[in-house]
Amino acid sequence: ITPQDVKNSLSLEANRDMIFNAGESTGMSGSFFFFSHDNRFIIKTLNRGEGKLLLSILDEMIAHFVSCENKSLIAKIYGLFTINTDVFHGLDVIVMQNTARMQDSANNKVTFDLKGSSVNRRS
(Lines give C-alpha, C1' and ligand atoms only; values in the text may rest on other atoms or scores of the structure.)
Protein backbone atom coordinates (compact mmCIF):
# COMPACT_ATOMS: atom_id res chain seq x y z
CA ILE A 1 0.00 0.00 0.00
CA THR A 2 1.38 3.37 -0.99
CA PRO A 3 0.70 6.77 0.58
CA GLN A 4 -1.21 7.66 -2.61
CA ASP A 5 -3.43 4.55 -2.16
CA VAL A 6 -4.33 5.71 1.34
CA LYS A 7 -4.90 9.29 0.19
CA ASN A 8 -7.24 8.14 -2.60
CA SER A 9 -9.16 5.75 -0.35
CA LEU A 10 -9.58 8.28 2.47
CA SER A 11 -10.45 11.31 0.36
CA LEU A 12 -13.10 13.37 2.17
CA GLU A 13 -14.95 14.06 -1.06
CA ALA A 14 -15.09 10.38 -2.04
CA ASN A 15 -16.12 9.28 1.49
CA ARG A 16 -18.70 11.97 2.25
CA ASP A 17 -21.68 9.66 1.77
CA MET A 18 -19.99 6.80 3.64
CA ILE A 19 -19.37 9.04 6.65
CA PHE A 20 -22.91 10.42 6.81
CA ASN A 21 -24.49 6.99 6.34
CA ALA A 22 -22.36 5.35 9.05
CA GLY A 23 -23.73 4.81 12.48
CA GLU A 24 -22.75 3.74 15.93
CA SER A 25 -21.58 0.21 16.41
CA THR A 26 -24.02 -2.28 17.85
CA GLY A 27 -21.20 -3.53 20.08
CA MET A 28 -20.50 -2.68 23.69
CA SER A 29 -18.03 0.09 22.82
CA GLY A 30 -20.50 2.20 20.84
CA SER A 31 -17.70 3.10 18.44
CA PHE A 32 -18.44 4.89 15.20
CA PHE A 33 -17.02 3.21 12.11
CA PHE A 34 -17.33 3.15 8.36
CA PHE A 35 -15.69 1.58 5.33
CA SER A 36 -13.75 3.70 2.87
CA HIS A 37 -15.62 4.31 -0.39
CA ASP A 38 -13.51 1.64 -2.15
CA ASN A 39 -13.88 -0.84 0.76
CA ARG A 40 -10.10 -1.09 1.29
CA PHE A 41 -10.09 0.33 4.83
CA ILE A 42 -12.16 0.45 7.99
CA ILE A 43 -12.06 3.73 9.90
CA LYS A 44 -13.16 3.36 13.54
CA THR A 45 -13.23 5.62 16.57
CA LEU A 46 -11.41 4.49 19.69
CA ASN A 47 -11.64 5.55 23.28
CA ARG A 48 -8.43 6.68 24.99
CA GLY A 49 -7.95 3.32 26.72
CA GLU A 50 -8.17 1.40 23.44
CA GLY A 51 -5.65 3.72 21.81
CA LYS A 52 -3.21 3.36 24.69
CA LEU A 53 -3.60 -0.43 24.65
CA LEU A 54 -2.94 -0.55 20.92
CA LEU A 55 0.21 1.51 21.31
CA SER A 56 1.38 -0.74 24.16
CA ILE A 57 1.16 -3.91 22.01
CA LEU A 58 2.39 -2.38 18.78
CA ASP A 59 5.92 -3.84 18.99
CA GLU A 60 4.51 -7.34 19.55
CA MET A 61 2.11 -6.92 16.61
CA ILE A 62 4.95 -5.88 14.32
CA ALA A 63 7.03 -8.86 15.48
CA HIS A 64 4.07 -11.15 14.73
CA PHE A 65 3.68 -9.82 11.17
CA VAL A 66 7.42 -10.17 10.58
CA SER A 67 7.51 -13.73 11.99
CA CYS A 68 4.70 -14.93 9.72
CA GLU A 69 6.10 -13.13 6.68
CA ASN A 70 3.15 -10.74 6.58
CA LYS A 71 0.64 -13.59 6.03
CA SER A 72 -1.26 -13.14 9.28
CA LEU A 73 -5.05 -13.20 9.35
CA ILE A 74 -5.00 -10.33 11.84
CA ALA A 75 -6.06 -7.06 10.21
CA LYS A 76 -3.17 -4.72 9.56
CA ILE A 77 -3.34 -1.34 11.26
CA TYR A 78 -2.20 1.51 9.05
CA GLY A 79 -2.55 4.37 11.49
CA LEU A 80 -3.83 5.67 14.79
CA PHE A 81 -4.72 9.35 14.58
CA THR A 82 -6.13 12.02 16.88
CA ILE A 83 -8.41 14.52 15.15
CA ASN A 84 -8.90 18.01 16.55
CA THR A 85 -11.37 20.47 15.01
CA ASP A 86 -13.34 23.54 16.06
CA VAL A 87 -16.29 21.21 16.79
CA PHE A 88 -14.53 18.47 18.77
CA HIS A 89 -11.11 17.80 20.26
CA GLY A 90 -9.17 14.62 20.74
CA LEU A 91 -11.15 12.15 18.60
CA ASP A 92 -8.97 9.04 18.22
CA VAL A 93 -9.48 6.99 15.06
CA ILE A 94 -7.80 3.90 13.70
CA VAL A 95 -7.38 3.09 10.02
CA MET A 96 -7.13 -0.62 9.40
CA GLN A 97 -7.27 -3.19 6.66
CA ASN A 98 -10.68 -4.49 5.63
CA THR A 99 -9.94 -8.22 5.78
CA ALA A 100 -13.39 -9.14 4.41
CA ARG A 101 -12.24 -7.69 1.09
CA MET A 102 -9.51 -10.34 0.90
CA GLN A 103 -11.83 -13.36 1.07
CA ASP A 104 -11.43 -15.95 -1.63
CA SER A 105 -14.76 -17.58 -2.49
CA ALA A 106 -12.91 -20.82 -3.32
CA ASN A 107 -11.72 -21.13 0.29
CA ASN A 108 -14.13 -21.65 3.16
CA LYS A 109 -13.19 -19.46 6.09
CA VAL A 110 -14.61 -18.69 9.48
CA THR A 111 -14.56 -15.05 10.54
CA PHE A 112 -14.01 -14.11 14.17
CA ASP A 113 -14.43 -10.71 15.78
CA LEU A 114 -11.64 -10.75 18.35
CA LYS A 115 -11.90 -8.28 21.18
CA GLY A 116 -10.04 -9.76 24.11
CA SER A 117 -12.74 -9.01 26.66
CA SER A 118 -14.77 -11.68 28.40
CA VAL A 119 -17.00 -9.21 30.25
CA ASN A 120 -20.69 -9.73 29.41
CA ARG A 121 -19.79 -12.30 26.74
CA ARG A 122 -21.10 -15.81 26.23
CA SER A 123 -19.44 -18.81 24.58
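List pairs: first in segment 64-82 and open to solvent by less than 70 Å² (accessible area, probe 1.4 Å), second modelled with pLDDT of 85 or more and of a type in the set (Phe, Trp, Tyr), Cβ under 7 Å, 6+ apart or cross-chain?
Close Cβ pairs (under 7 Å, with a partner that is modelled with pLDDT of 85 or more and of a type in the set (Phe, Trp, Tyr)) amount to Ser72/Phe65.
Residue by residue through segment 83-99, note down the ones that are free of Cβ contacts under 8 Å to residues at least 40 places away in the same chain and closer than 19 Å to His37 by Cβ.
Ile83, Thr99
Which of the residues belonging to segment 7-33 are touching a Phe, Trp or Tyr at 6+ places or on another chain (Cβ under 9 Å) and at pLDDT 80 or above?
Ser9, Leu10
Out of Ser105, Ser123, which single residue is open to solvent by 80 Å² or more (accessible area, probe 1.4 Å), under 26 Å from Ser9 (Cα atoms) and modelled with pLDDT under 85? Write out each step before concluding.
Numbers: Ser123 fails: under 26 Å from Ser9 (Cα atoms).
Of Ser105, Ser123, the one residue that is open to solvent by 80 Å² or more (accessible area, probe 1.4 Å), under 26 Å from Ser9 (Cα atoms) and modelled with pLDDT under 85 is Ser105.
For the list (1) among the aliphatic types (A, V, I, L, M); (2) at pLDDT below 85; (3) under 20 Å from His89 (Cα atoms), I need the number of the one condition that Ile43 fails.
(2)
Cβ contacts < 6 Å: first residue more than 13 Å from Ile43 (Cβ to Cβ), restricted to segment 11-33; second residue assigned to a loop (DSSP other than H, G, I, E, B) and modelled with pLDDT of 65 or more, any location; separation 6+ or different chain. Result?
Filtered contacts from segment 11-33: Glu24/Gly30.
Out of segment 27-61, which residues are of a type in the set (Val, Ile, Thr) and under 14 Å from the mean Cα position of the chain (by Cα)? Steps first, please.
Taking segment 27-61 and keeping what is of a type in the set (Val, Ile, Thr), we get 42-43, 45, 57.
Answer for segment 27-61, where residues must be of a type in the set (Val, Ile, Thr) and under 14 Å from the mean Cα position of the chain (by Cα): Ile42, Ile43, Thr45.
Can you tell me which of (1) open to solvent by less than 70 Å² (accessible area, probe 1.4 Å); (2) part of a helix (DSSP H, G or I); (3) at pLDDT 85 or above is the one Ala100 doesn't meet?
Single failed check for Ala100: (3).
The values are calculated or read from the model by the stated rules, or taken from the named source; none is laboratory data. Small disclaimer: the values here were computed from a predicted structure and weren't measured. Cβ sites come from the backbone with ideal geometry, for glycine too, and all protein chains shown count toward neighbours. Side chains are part of the model used for accessible areas, which takes the heavy atoms of the whole protein and leaves out ligands, DNA and RNA. Shrake-Rupley method; radii C 1.70, N 1.55, O 1.52, S 1.80 Å.
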